[in-house]
Each structure stands twice: as structure tokens, then as C-alpha cells.
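Participant: First, the structure itself, so that you have it in front of you.
The values are calculated or read from the model by the stated rules, or taken from the named source; none is laboratory data. Everything numeric in this text was worked out from a predicted model, so none of it was measured. We place every Cβ from the backbone using ideal geometry, glycine too, and count neighbours over all the protein chains shown. In case anyone asks, the SASA skips ligands and DNA or RNA and just uses the protein heavy atoms, side chains included. Shrake-Rupley method; radii C 1.70, N 1.55, O 1.52, S 1.80 Å.
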Amino acid sequence: MPGIHSARTLAAHAPLYIPFIREIFMYSDCVSADRKVADRVLEDPRKLSVILYPGGESEQLMTMQNRERVHVKDRLGFVKMAIHHGTPIVPIYIFGTSEIWHTFHWFYSLRKWICKKFRVALPLFTGRWMIPLVPNPVRLTAVAGPPIEVPHLAHPSSEEVHKWHKVYTEALVALFDRHKVELGYGDRHLELH
């Protein structure tokens, strides 16, 4: 994207305590998704971008093959943070992610409770040939919409946050609809949860 020279990806906090996984995360410029860490990245004089996955652990649990689902309806923090820093929000959708794994919803309520309580996702999945950790051979295509310029407000009101969240979700759905046919997903619609 024009003007983006370097970025940091916000990652779940728990894996940063696991040896080897922590090193992989750090090597790939991941930082904790903690709000204070994200604020420091956005305040960095180098004007770093922040890459985040608004659906987080909850979206990992609700992923289902042959359905395009995002957990974004109650995810307002990233919009509030963007307004606080006056940082544009760029909607991005990656086609193919729901086809990488065969997912199972056994013990979903229990796993959802664990996710909510401990902020750790425990997805049940297999991949190619029903082997865990061997992904299905799927083409992934990322599409990005134009940046959404938000106002710079030190203390955005709830109404302001909800207004720009609606702008973001509408832009995300429009982005999905604009590209779904050409990328082979014409029979699907984007489900917002």
C-alpha cells in the first residue's frame, strides 16, 4: 500500500509466552495485541502501520468450510483506536481462508467459554488427507479497499465509534461483493457476526 513502509502485526498475547512460537512471532514483526502496545506502535515516529485481525480468537472458533464468516459486529476497539490516533482503516478480506482446514464444532460451547475466559482459541481442525497441520491446497487472495479516513479525536464518543464501525463493515461487505465472483466465491455472502 502506498505510504506503508513498515508494519507490526498484533498477535494474541498467550503465544508470546511459548518458547519457539514467541521467536517466530517476534521474527515476523508481531507484537502483543495489548491496547498499550498497539498505542505505542501507532505513536511511533516512524509511522508504522498496524495489521490486526478484528475477529481474533472468536473468529477462529466459528470458521466453517464453505461459509464466509467474520466476527466483527461487537469489535469496536480497533475503530476507537484508529479515531484516537487519526489513523485510516483499510478494509482487507482474504478469500480462501475458510477452505484451508476441515473444521469441527464438537464441544463448541465449552471451547467458546474457554476462549472468552482465557482469550485462547482451541479450534478443532484437520487438513489435507485429514491430517492436522497439513493445510488443504487452497489459493489465498487478499483484496484491499480504499483507506477509510477517520477523524482524529482524543476521546471519541460511543456514537462516533459506532458511526465509523458501520462505515467499516459496509466497506468490508462491499469489498467482498466486488471480488467474490471473479475469485470463485459468487455463490456466497459475507456473514457478519
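Participant: Bin width 5 Å, alpha-carbon pairs only: give the P(r) of the stretch 20-83 as whole percents, running from 0 to the bin holding the largest distance.
Facilitator: Spelled out bin by bin, the stretch 20-83 gives 3, 14, 20, 21, 18, 15, 6, 2, 0 percent.
Participant: Any idea of the accessible area per residue across the chain, 1.4 Å probe, to the nearest Å²?
Facilitator: 62
Participant: Got a sec? Charge dipole of the chain, +1 on Cβ for Lys and Arg, -1 for Asp and Glu; which of Val90, Leu10, Ser49 is way out at the positive end?
Facilitator: Leu10
Participant: OK, next. How do Asp177, Asp187 rank by accessible surface area computed with a 1.4 Å probe, from largest to smallest?
Facilitator: My answer, sorted largest first, is Asp187, Asp177.
Participant: Using a 1.4 Å probe and counting only protein heavy atoms, arrange Arg178, Arg188 so the residue with the most accessible area comes first.
Facilitator: Listed by decreasing accessible area, they come as Arg178, Arg188.
Participant: For the stretch 53-106, taking Cα atoms only, what is the radius of gyration to one decimal and the Dmax to the nearest whole Å?
Facilitator: Looking at the stretch 53-106, its Cα Rg and Dmax stand at 13.4, 42 Å.
Participant: A follow-up question, please. Which of the lysines could be linked to Lys80 by a straight reach, that is with a Cα gap under 28 Å, when you skip same-chain ones fewer than 8 residues away?
Facilitator: The qualifying lysines are Lys36, Lys47, Lys112, Lys116, Lys117, Lys163, Lys166.
Participant: Still on this structure: Report, to the nearest whole %, how much of the accessible area of the chain belongs to carbon and sulfur atoms, 1.4 Å probe, protein only.
Facilitator: Here it works out to 61 percent.
Participant: Mind checking the dipole of the stretch 1-140: about its Cα centre, +1 per Lys or Arg Cβ, -1 per Asp or Glu Cβ, Debye to the nearest 20?
Facilitator: Using Cβ point charges on Lys, Arg, Asp and Glu, the stretch 1-140 gives about 300 debye.
Participant: Run the dipole for the stretch 49-123 about the Cα centre, Lys and Arg Cβ at +1, Asp and Glu Cβ at -1, nothing else charged, and hand back the magnitude in debye, nearest 20.
Facilitator: Dipole of the stretch 49-123, to the nearest 20 debye: 340 debye.
Participant: Once you treat every alpha carbon in the stretch 104-193 as an equal point and sum by Debye, what is log10 I(q)/I(0) at q = 0.23 Å⁻¹?
Facilitator: -1.09
Participant: Right, something else. Do the sum for the chain: with -39,500 (n - 2.57) for every DSSP H run of n ≥ 4, divided by all residues, what is the mean residue ellipticity at 222 nm, to the nearest 500 deg cm²/dmol?
Facilitator: Dividing the helical sum by the residues of the chain leaves -10000 deg cm²/dmol.
Participant: Over the chain, what is the percentage of antiparallel beta bridges among all DSSP beta bridges, to the nearest 5?
Facilitator: Antiparallel: roughly 45 percent of the beta bridges in the chain.
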